[in-house]
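A quick write-up on the structure given underneath.
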Amino acid sequence: MAFFLEVLIGGLMAGVMYSLVALGFVLIFKASGVFNFAQGAMVLFAGLFFVGFIQKGAPIWLSIILTLGVMALLAMAIERLVLRHLVNQEGIILFMATIGVSFFIDGLGQSIWGSGVQQIDIGIPTDPILLMDGDILIQSFDLWAALVAGSLLTGLVLFQKTRIGRALRAVADDHQAAQSVGIPLNVIWVIVWAIAGMVALVAGVMWGSKLGMQPAIVGLALKALPVLILGGFTSVPGAIIGGLIVGAGEKIAEIYIGPYFGGGIENWFAYVVALGFLLIRPQGLFGERIIERV
Amino acid sequence: MLYRESGQFKTSYPADQAIFTIPQDRVFFALLMLAGFVGVPFVATDYLYTALIIPFLCMALAALGLNILTGYCGQVSLGTGAFMGVGAVAAWNLAYRIPELNLLVVFILAGLIAAAVGVLFGLPSLRIKGFYLAVATLAAQFFLPWLFVKIGWFTNHNPSGVITVPRLDIFGWRVDTPMEKYLLALGVVSVLALAAKNMVRSNPGRQWMAIRDMDIAAEIIGIRPVVAKLTAFAVSSFYIGVAGALYFFLYLGSAEPDGFNINLSFQALFMIIIGGLGSILGSFLGAFFILLVPIFLTRGLPMMGMNLSTAAIAHTEFMVFGAMIVFFLIVEPHGLARLWQIAKEKLRIWPFPY
């Protein structure tokens, strides 16, 4: 029982990391209807810049500010060079465009900062914590990650209540209607991509502290996609809960079902669960029902 | 002057429905095929065959398969690599376990097996579309290579998991040298491309395009989405499966099933975006272009006096691909194939444009 709990908690904590990436996806999808495949690459990009600034001798707070600036610039560039020209295109075209963006910033980040594994240490304690008379071992780092994700979620939910947040939701609801009441579409897009960049930075720092900053993170970030399908593309809490389900599910499956197949099922378990989920409930757990008008 | 269709009247339905309706196109294409089958073997070196031409033919076939699904039927797939893997593993098992089987039969059966798997993973397309489907195909992309690695039977319990091509015989013809491999690949690709061309301009192709343009409207005019979508998945996976078998038998020689990974899927997707969504010609142009970029970066740039490290080349390649995708989607969504058409339009009125 204690072992099961340990696996479960470990999985939930891993799920928090997926949630961090998935949050960025949801934000952009909600505000612009763009399915941003580049979120994973943005995590790497932000993380590499953060590490790079630190290695250049900047203190942590300065690196964070500088990286946020870089991500804001990136958001502006993406809006000006890509999104602006693809207004009113089909979602699938935009999706493919973000694949292009993903490759571009992936390559760009690595050509600037190299592709080696970079350690990030921002002073998050990593000592293990024992619970239940030492039966269950959890990493204090994971607790910190959960704390960060929780505060990020709270911040984002509160942000939606602000004036800009309302404008974001209006744009998400109906581009044209939002524009006609005077909401500047382009500005909103820059803001939302910049916020997604900020979320990417948080995710990048957390992933980087856990695994080291490395290009493989882009591939790991792909796991945010099944998370989204479980949680629903349009729900911020859904991203968190989907992440927890995927994280816990794949760890438990790996430990209890994996041995029958020779292990390694972690890599595809989430996708297959998502595939099954799509057949039963395509809008996800918390997503809005997909209604098509002719 | 040379390329003018005025005064050429079609007097019968077959003439009107021909693939190339004017003689200039027919002559050009005949010359192209002649160059392909006879000309290239005279000029190409072994390096050219193995580094560019053979992978070009295999990937063009895979891109063609993906184009049928994505370009014609509008279902985005990120599972191309996995289906190529299915084709390769199936072909290897058939050739290894039943040695008396003719190689062409092996390819066809491998394609059929890939088609069956494709239909299986295409089932979700009946309920979902767009990027939801893309995620669903990712499931295939991660699941299938894992299956080939973990189930020892697929690689005949080879401890290293590497499968190696047996000797290739077709009707007593031993396919050995790069040139012979090239001719075999060219033959298979030509036949399949012709079949695809005819498919997309007849009933199945029209059904796919109707579904792509607006599925609800298509359903109302009597096209069954189930049949149309699943045939698209089946035909597409057949092509991709055969392409995978060719890629493995004629290009790689020996491979780990793990090698058929998501990078291959992205490569095929880039080929059809750059070449042209919904165009047979575009699949070939795109494949050529995408394969040329790394060769240009590794061999072309040093000739121009620019030396990049291997890592820098890999990163530049990423950036070039990414930028090209965005550029083409914005500027020319119909890709290189459309540019080719524009060139032909220009040629029609050349040299007196007014």
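Give the peptides A:164-170, A:25-31 in descending order of average Cβ contacts within 10 Å, highest first. Display every interim value, and only then the final one.
Details: A:164-170: 17.1, A:25-31: 24.4.
Per-residue mean Cβ counts within 10 Å order the peptides as A:25-31, A:164-170.
How would you order B:212-222, B:133-143, A:75-85, A:220-230 from highest to lowest mean count of nearby Cβ atoms within 10 Å?
Numbers: B:212-222: 13.1, B:133-143: 25.3, A:75-85: 18.0, A:220-230: 27.5.
Final packing ranking: A:220-230, B:133-143, A:75-85, B:212-222.
Where does the charge balance sit around B:Arg174 when Lys and Arg score +1, Asp and Glu -1, over other residues with C-beta under 13 Å from its C-beta? Let's see the in-between values first.
Details: positive: B:Arg167, B:Lys181; negative: B:Asp169, B:Asp176, B:Glu180.
Once all neighbours under 13 Å are counted, the net charge is -1.
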Centroid-to-centroid separation of segment A:133-209 and segment B:176-208 [C-alpha atoms, Å]: 48
Local electrostatic count, A:Asn186, Cβ distance below 9 Å [Lys/Arg +1, Asp/Glu -1]: +1
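Among A:Val181, A:Val51, which comes first, then next, by fewest other beta-carbon atoms within 10 Å? Before the final figure, lay out each step's value.
Working: A:Val181 8, A:Val51 22.
With the sparsest Cβ surroundings first, the list reads A:Val181, A:Val51.
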On average, how many beta carbons from a partner chain sit within 10 Å of the beta carbon of a residue in B:325-335? 5
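In deg cm²/dmol and to the nearest 500, what is the mean residue ellipticity at 222 nm of chain A if only DSSP H runs of at least 4 residues count, each as -39500 (n - 2.57), divided by the residue total? Working shown, then result.
Values: 13 runs with 211 residues, N = 294.
That calculation yields -24000 deg cm²/dmol at 222 nm.
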HN-Hα couplings for segment B:263-269 via Karplus (6.51, -1.76, 1.60; θ = phi - 60°), in whole Hz with x for Gly/Pro, come out as 4, 4, 4, 5, 4, 5, 5
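Using packing as a proxy for protection, rank B:46-59, B:296-309, A:36-49 so that the peptide with the highest average count of other Cβ atoms within 10 Å comes first.
Result, highest mean Cβ count within 10 Å first: A:36-49, B:46-59, B:296-309.
When you look at the Cβ of every residue in A:220-229, what mean number of other chain Cβ atoms sits within 10 Å?
3
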Under a point spin-label approximation (7 Å from Cα along Cα-to-Cβ), what is the A:Ala216-B:Asp25 distance to one decimal in nm? 5.1
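Other chains near B:309-318: what is the mean number of their Cβ atoms within 10 Å of each residue's Cβ?
That works out to 4 on average.
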Please arrange B:Ile290, B:Ile19, B:Ile163 by counting, for each residue, the other beta carbons lying within 10 Å of its beta carbon, fewest first. B:Ile19, B:Ile163, B:Ile290
Starting with the fewest neighbours, write out A:Ser140, A:Ser111 ranked by other beta-carbon atoms found within 10 Å of each beta-carbon. A:Ser140, A:Ser111
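Since every read-out is calculated from the coordinates, none of them should be taken as a lab result. None of these values were measured; they are calculated from a predicted model. Neighbour counts run over all protein chains shown; Cβ positions are idealised from the backbone, glycine included.
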